[in-house]
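This report refers to the structure that appears directly beneath it.
The values are calculated or read from the model by the stated rules, or taken from the named source; none is laboratory data. Remember, predicted model here, so these are calculated numbers, not experimental data. Positions of Cβ are generated from backbone atoms using ideal geometry, with glycine treated the same way; all protein chains shown enter the neighbour counts. The area values use the complete protein model at the heavy-atom level, side chains included, leaving out ligands, DNA and RNA. Shrake-Rupley method; radii C 1.70, N 1.55, O 1.52, S 1.80 Å.
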Amino acid sequence: DKETLAYTASKVDEILAAPSASEDTKSFARAWKSAVANGDDADKATDTFLDAISEHQTTIDDLIAFAGSEVGKQVFGEEGANAMVAHSKKRKEAGAMFCDCAACRPCHELLHKFGREKADVYL
């Protein structure tokens, strides 16, 4: 329906605007937008998109491990990495299952809306 399509489009736009989105995730988002704009079957395009982003979800445990690694410290800086680990551990204690960055959050929100994942603590 139009409301679901508009919701999905808004989340796709959030993903595309997120500096933390991987190039793969952005590619999936662009493919969805292109398919819908070309008049392709929106349900099929959405299923394909959801399958793709489902494979790229960052779990809270993966985030903690990455942020605490040497590579994570290079990416975020020592202070940023430590803050990310502390933030993520606090979220995990509250029951969080996934990363809450600007790219992961809209992915998770879409996957939840379409019944593919349980709600995380922020939903």
Any idea which residue in segment 63-89 is nearest to the chain's Cα centre (by Cα), counting only those that are among the charged types (D, E, K, R) and over 14 Å from CYS99 (Cα atoms)? LYS73
Per the filter on segment 81-104, residues open to solvent by 20 Å² or more (accessible area, probe 1.4 Å), in contact with a Lys or Arg (Cβ under 9 Å, 6 or more places away or on another chain) and at pLDDT below 95 are MET97, PHE98, ASP100
With a cut-off of at least 1 residues that are surrounded by fewer than 14 Cβ atoms within 10 Å (Cβ to Cβ) and hydrophobic (A, V, I, L, M, F, W, C), name the helices (runs of 4 or more DSSP H) lying wholly within segment 17-75. 23-37, 60-67
Using beta carbons and a limit of 8 Å, which pairs, at least six apart or on different chains, have the first residue in segment 97-116 and within 12 Å of ALA18 (Cβ to Cβ) and the second one surrounded by 19 or more Cβ atoms within 10 Å (Cβ to Cβ) and acidic (Asp, Glu)? ASP100/ASP120
